[in-house]
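**Q** My questions will all concern the structure given below.
The values are calculated or read from the model by the stated rules, or taken from the named source; none is laboratory data. Just so it is clear, the structure is predicted and the values come from calculations on it, not from any experiment. All Cβ positions, even for glycine, are placed from backbone atoms using ideal geometry, and neighbour counts span all protein chains on display. To get the accessible areas, we keep the full protein, side chains included, count just its heavy atoms, and leave off ligands, DNA and RNA. Shrake-Rupley method; radii C 1.70, N 1.55, O 1.52, S 1.80 Å.
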Amino acid sequence: MSVAAGLAAGAVRRYRAGRRFRTSPAIVVSGSVIVAATVVAVAGPLLAPYNPDLPQLSQYFFGPSPEHLLGFDASGRDVMSRLLYGARTSMLGPLAVTLMCMTLGSLLAVTAAWRGGALDAVISSGLDILFAFPGILLAVLAAAVFGAGLVAPVLALSVAYTPYVARVLRGAALRERAQLYVAALEVQGASGVAICLRHLIPNLLHLIVAQATTLFGYAMVDLAAISFLGLGVQPPNADWGVMVSENQQGIIQGFPLPALAAGICIVVVVVAFNILGERLYERGEARQ
Amino acid sequence: MNAEIGGALLELDGVTVRLPVEGSMRAVLQEVSFVIRPGEAIGLVGESGSGKSMTARAIDRLLPPGAAVNGRIRFGGRDVMTLAGADLKRFRSEVAMIFQDPRAHINPVRRIGDYMTEALRTNAGVPVSEASSRAVALLKSVGIDDGERRLRQYPHELSGGLLQRVMIATALLTKPRLLLADEPTTALDVTTQAEVLAILDDLRTDLHLAMLFITHNLEVAAAICDRTVVMYAGQIVEVRSSSRLHTDPLHPYTAALAAARPNIEATTPRLLAIPGRPLSAFEAPAGECAFAPRCPHALDVCRQARPALIALDGGLSRCVRAEELRGRLEVALHG
Amino acid sequence: MHLRFVLRRLAMLAVSLLVASFVIFSAIFLAPGNPIAALSGGRSLPPESLRTLEVRYHLDQPFLVQYWYWLSNAVHGNLGLSITLRENVSDLIASRISTTAGLVLYASILIIVLGVSLGILSGFRPGLLDTSTLVVTAVSASLPAFVAAIVLILVFAVQLQWFPSLGNGIGFLDQVRHLTLPAFALAVSSLAIVARVTRSAIREEARREHVQTAISRGIPTAQLIRRHVLRNAAIPITTISGITVASLIAVAAVVEVVFGLAGLGAYLVQSAQSKDLAVVQGISLLLVTAFVLVNVLVDVLYAVLDPRVSLGSRAQ
């Protein structure tokens, strides 16, 4: 899956915009999942029952047992502990991508929409050209050039996602800029920066938050894929994407639990972010 | 009423429509009855939510799914609600609808020619070339001379006024006997409105078509319709020959509608807005006159029972004080 | 009008590709490490040999000149030498391109045929099928390809043993059999997205006022659905299908790695790990080109399907 397809599926959300936002079970469940994942990302090492990096080679692909609820992985490490430790890198990467790309995207979008004219044309065509790079490809390229690890793919994905964010926000900012209250503020002599910071961006905030939520999910998928390919987080560090890759042989050897557990963690968190993002979009649309 | 049925083209008899809203069925039309004779133009006037569009939709079987209809609608002597197959197809070609917003009511991805001739080609088996030349001829009659070129254009390339004329021409293409015109000029700008209205009126008279003309504008209805039906809260409150509606209204609501419009001839000191807000049928209290809460003439008697339609001077009025108020309605409001 | 649109879009395509190639080249140029050391495999060379290599690979020229040489060679199909395999990158790519193309094509067919049909079915028939489609697609739209891949391997290769889990296969039918699980793994999330968008587009179009007009004119239901609902819904459906198909080009790498397919993506990842930069350059350039071309195709299709599209506007 790509961020392109995901954000384009905003079409889905738009079509259902009429529905009133309610605190539905879906929101409660997805919110709880996100809170739980965040808690684990912060406090994982405290929660983990065993050392995630300590191999007990005799125990590889063994379990589960009451002491080791998810058993041992391909190198004989406790899967549960590795999942709890791995939450940190698995969540931190997408967080960094989301923050960078939302900051960059909003900045470009608001500048382009506010100034218009030649600057808008330059920013817009620059973004159009950036569309040429699929996120994963740019991340692989970055990892090849600057070395495998979390930093290069995170930077690459931030750049690759920015045009998708900026295009939607620019459209929204243009609509907002055309509102009468903006003209009124300009007539009253408010500076452009002040209007943007105090009125334009706050009024786009619901959209920014909704986009950030959805984007987090896609960043998580793409970063996990990069780690799975061996170009992101490096073993023996625990990371959900890495864990799927390390334990892939278990699928064929009749011990699918470690790989599946890591995969399920990714899917559950991503689904939660997607559903919450979708509902936030709906609420924003309903409010307008 | 029975005497008219023999000559009636369309007959509505006690039509009540209920729609499902948030789990419960709510009435939008209550006991609506009127007839349209061949060649006759009937105006249907009321505020938004009064049920006038819903009446047209009920006649044309365009009600939303889940709608419950009681009463009877007959067209050419046949029960419209039970039509099916070839009969329904023929009914659709004999009753043509002109919608309020041509921009939304014409498929934007198909050419004008396709839109105009689709029904002819599909249902009457008319070859494309013949259908097109008939379309061009009708476009000429609505004042569009370069018909061949227009047929090749897409809806977004035409102005709203042109598009509405296209829709009128299209409605006439299947040689219908009844036109249902649902506020056909409301979405157009003022100068275009008059033009389109004149075209519609001329063509209708020439072709001797019956028409149900829906509008919120009493004067427009009076100008092009023989009789006018005034609706309020899903009920008919007055039926009257158009020429007398202004000078001699039979229901306080009609009088109030007339007074709320700017009048060029009479110098009114100020426009009178009707106090309060219009009610939907399901909001109207059951045991009293639906207009009573907003009526300047309401007495206790008006709140004791829902008034029946009473015949008066060749018209009908749903006001218990109609006879008593005769001649005083306009004066009272403008006083 | 359409011609101008296409020309404009082609001009944008040329600029995009030029910039993309520049980015790819300069990224590799800026990469830490000495190209001569890479060429010599780390052996120390006599000065005259160094000089010969520098001249042969234009390493003594300014950056932009080097870019120009690289680009004009690339356009002529010469993408340089693989350092690890000592072979022509173009030949290496040529031997792997059919696997990737087959995989992407197979997955695209699945997405368009199954995704659109599922969307149409649940769009027109509210009820159990519709509800279950909504729930299943909500989850599968978020399914990363490599997770889908291991689940498919577990169920269909290990447990049911219907399909092989590794390798390319020999002969057409065997190859298709080997590509089946990879294609489903690659398609599953896009398929869900396409199904969801199709469903909403159909619901949306069926509610349009012009459909009411057609009903009031007695257009038969089958024709109504075909000419007014499906025809209009085809615009968003085509756009979303195109965007998802384009995205497969990059994601294919992940699937190729899981299933041990000798495709371009797996080779790209392997070269990235071993720092075989000429190969990374070449494959990146090829994939970006394919990605951009599919996107242009989507834009052109969009303009063809929607007469309202204004010149130069992008498919949203």
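**Q** Give me the accessible area per residue for region B:5-127, probe 1.4 Å, as a whole number in Å².
**A** Result: 38 Å² of accessible area for each residue.
**Q** Now for a different question. Quick one: Cα convex hull volume of region A:162-288, Å³ per residue?
**A** 120 Å³
**Q** Please compute the Cα-Cα pair-distance distribution of region C:182-270 with 5 Å bins starting at 0, giving whole percents from short to long.
**A** 3, 14, 19, 14, 12, 10, 9, 7, 6, 4, 3, 1, 0
**Q** On to the next question. Can you tell me the 0 to 90 degree angle between the C-alpha axis of helix C:63-75 and the longest principal axis of chain C, rounded to 10?
**A** It is inclined by approximately 60 degrees.
**Q** Probe radius 1.4 Å, ligands and nucleic acids left out: which of C:106, A:50 has the largest accessible area, and how do the rest follow?
**A** A:50, C:106
**Q** While we're on this one: In whole angstrom, note down how far apart the Cα centers of region B:194-254 and region C:251-277 are.
**A** Each part's Cα centre sits 75 Å from the other's.
**Q** I would also like to ask the following. Averaged over A:126-132, how many beta carbons belonging to a partner chain fall within 10 Å of each residue's beta carbon?
**A** Going residue by residue through A:126-132 and averaging, the value is 6.
**Q** If you wrap chain B's Cα atoms in a convex hull and average its projection over all directions, what's the area in nm²?
**A** That works out to 18.1 nm², a quarter of the Cα hull's surface.
**Q** Rounded to the nearest 500, what is the 222 nm mean residue ellipticity of the protein assembly as shown from helices alone, with -39500 (n - 2.57) per DSSP H run of 4+ residues and division by all residues?
**A** Taking each H run of at least 4 residues, the total per residue is -18500 deg cm²/dmol.
**Q** Additional query: Over the Cα atoms of region C:146-193, what is the Rg over Rh ratio if Rh follows Kirkwood?
**A** 0.99
**Q** Can you run the Rg to Rh ratio on region A:82-214? Use alpha carbon positions and the Kirkwood inverse-distance Rh.
**A** Rounded to two decimals, Rg/Rh equals 1.07.
**Q** Check each residue of region C:111-146 and keep those whose accessible area, probe 1.4 Å, is at least 40 Å² smaller with all protein chains in place than in the chain alone; give them in order of residue number.
**A** C:142, C:144, C:146
**Q** Let me ask you something else. Can you give me the three principal axis dimensions of region B:61-181 from its C-alpha atoms, in Å, biggest first?
**A** Principal-axis extents of the Cα atoms in region B:61-181, largest first: 46, 27, 23 Å.
**Q** Once you wrap a convex hull around the alpha carbon atoms of region B:156-205, what is its projected area averaged over all directions, in nm²?
**A** Computing the convex hull of the Cα atoms and averaging its projections yields 3.6 nm².
**Q** Same structure again: Within 10 Å of each Cβ in peptide C:228-235, how many partner chain Cβ atoms are there on average? Round it to a whole number, please.
**A** Other-chain Cβ atoms within 10 Å of each residue's Cβ, averaged: 2.
**Q** Turning to a different aspect of this structure: How compact is region A:24-286 by the rule of thumb for globular proteins, expressed as Cα Rg over 2.2 N^0.38 Å?
**A** Compared with the compact-globule rule of thumb, region A:24-286 sits at 1.19.
**Q** Starting with the highest mean, order C:47-59, B:68-80, A:222-234, A:254-266 by the number of other Cβ atoms within 10 Å, averaged over the residues of each peptide.
**A** The peptides rank, most packed first, as A:222-234, A:254-266, B:68-80, C:47-59.
**Q** Mind listing the Cα extents of chain C along all three principal axes, in Å, largest one first?
**A** Projected onto the principal axes, the Cα atoms of chain C cover 87, 56, 32 Å.
**Q** Moving to a separate point now. Kirkwood hydrodynamic radius for region C:96-273: how many Å is it when counted over pairs of different Cα atoms?
**A** 17.4 Å
**Q** Mind checking how much accessible area A and C bury in total, 1.4 Å probe, in Å² rounded to 100?
**A** So the total buried area for this chain pair works out to about 4600 Å².
**Q** Counting Lys and Arg as +1 and Asp and Glu as -1, each charge on the Cβ, what is the dipole of the protein assembly as shown about the Cα centre in debye, to the nearest 20?
**A** The dipole of the protein assembly as shown has a size of about 660 debye.
**Q** Expressed as a whole number of Å, what is the distance separating the alpha-carbon centroids of region C:204-229 and region B:95-119?
**A** That distance is 11 Å.
**Q** Per the 1.4 Å probe, what fraction of the accessible area of region C:96-273, in percent, lies on carbon and sulfur atoms?
**A** Carbon-and-sulfur percentage of accessible area, whole number: 69.
**Q** In terms of Cα to Cα distance under 23 Å, which lysines are near enough to residue B:175, apart from those fewer than 8 places away along the same chain?
**A** B:89, B:140
**Q** Residue B:9's amide H: which non-local residues (gap 5+, or another chain) put their own amide H closer than 5 Å, with H modeled 1.01 Å from N in plane and none for Pro or chain starts?
**A** B:36, B:37
**Q** Give me the net charge for the shell around residue A:270: Cβ to Cβ below 14 angstrom, other residues only, Lys and Arg +1, Asp and Glu -1.
**A** Neighbourhood net charge equals -2.
**Q** Per-residue HN-Hα couplings for region B:32-39, Karplus 6.51 cos²θ - 1.76 cosθ + 1.60 at θ = phi - 60°, whole Hz, x for Gly and Pro?
**A** Taking θ as phi minus 60°, the curve returns 8, 9, 6, 10, 10, 8, x, x Hz for region B:32-39.
**Q** Hey, another quick one. Can you compute 3J(HN,Hα) from phi for each residue in region C:199-206, using the Karplus curve 6.51 cos²θ - 1.76 cosθ + 1.60 with θ = phi - 60°, rounded to whole Hz and x for Gly and Pro?
**A** 4, 5, 4, 5, 4, 4, 5, 5
**Q** Rg and Dmax of the protein assembly as shown, using alpha carbons, in Å: what are they?
**A** For the protein assembly as shown, the Cα-based Rg and Dmax read 34.9, 122 Å.
**Q** In addition: Can you order the peptides A:150-161, A:170-181 by their average number of other Cβ atoms within 10 Å per residue, highest first?
**A** A:150-161, A:170-181
**Q** Can you give the average number of partner chain beta-carbon atoms within 10 Å of each beta-carbon in peptide A:255-266, as a whole number?
**A** 3
**Q** Right, here's the next one. Counting Lys and Arg as +1 and Asp and Glu as -1, what is the net charge of the other residues whose Cβ lies under 11 Å from the Cβ of residue B:169?
**A** Spelling it out: positives minus negatives among the neighbours equals +4.
**Q** Hey, any idea what Rg/Rh is for region B:1-86, computing Rh the Kirkwood way over Cα pairs?
**A** Ratio value, two decimals: 0.98.
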